[in-house]
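The values are calculated or read from the model by the stated rules, or taken from the named source; none is laboratory data. Bear in mind the structure is a predicted one, so any value in this text is a computation, not a measurement. Neighbour counts run over all protein chains shown; Cβ positions are idealised from the backbone, glycine included. To get the accessible areas, we keep the full protein, side chains included, count just its heavy atoms, and leave off ligands, DNA and RNA. Shrake-Rupley method; radii C 1.70, N 1.55, O 1.52, S 1.80 Å.
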Amino acid sequence: MEHSKAESTKSESTIDDCSTDEFIGATVHELNNFLSSISGFAELGLLDAEPKCTLENYLQEILESVSNNHLFNQRLLLMAGRLPLSIKQHKLSELMDLIQQNSDMNSDISECTLSIDLDWMKCAFIDIKEFVQSQNMHYEIDILLEGQTLNLIWKLSSPQFSLDIEKLFQPYYTSKVLCKSKGIGLAWLPRFFTKQQIELSIEDKTETGFTFLLKIPVHYSANCTS
């Protein structure tokens, strides 16, 4: 009994001593080990399953769930600042194409460059878009290039606006409306944008909506005009 009590005290002390970021990183690492095992055995099962049988459908559902949970784990790591980002130089037009794919905006802008992780920027815009749609909000996007800053102004409004803006980026606050396995909602965005050197703020809070403001650093090349 004394041995068990000592182990429990040691475990609690270890958790208290480590930072939240380290704890999240270690937990996700262990979860990924379980998910990899589940995925591996499900894939082996698919090799033995008869085509288009019920068992095959179940195994496909398992693999899809594992994939969704991997995505959830990655968002947790981004929120905790534990996931390395692949920051490369991209033409500004690539970001504009990405925005246009995930919004109703139509705009043309010059060929400047910016250093971002474009794949995770795509996830960010998709999450914001899905959040907007889940809230039945009207939105419009304005783009303003000022010096070495690209201002991306995402205006959101709804006659039945009832969100608590102060909790918008807290874990799980918007996870129910986002559905599927995104889990932590928009909570991963602030840390991600900070690592991308993008300033995120909420402007013009009213009874009917608010505005996301992203300030994105851009770089001029010899062929780029402001």
Every residue from the range 88-99 that is in a helix (DSSP H, G or I) and open to solvent by less than 60 Å² (accessible area, probe 1.4 Å): Leu92, Ser93, Leu95, Met96, Leu98, Ile99
Selection within the range 31-87 - touching a Phe, Trp or Tyr at 6+ places or on another chain (Cβ under 8 Å) and either in a helix (DSSP H, G or I) or farther than 27 Å from Tyr172 by Cβ (or both): Arg75, Leu76, Leu78, Met79
Breaking point among (1) closer than 30 Å to Ser19 by Cβ; (2) exposed (fewer than 14 other Cβ atoms within 10 Å of the Cβ); (3) not hydroxyl-bearing (Ser, Thr, Tyr), for Gln148: (1)
Residue ID - modelled with the highest pLDDT, chosen from residues in the range 188-223 that are of a type in the set (Gly, Ala, Ser) and not in a loop (DSSP other than H, G, I, E, B): Ser201
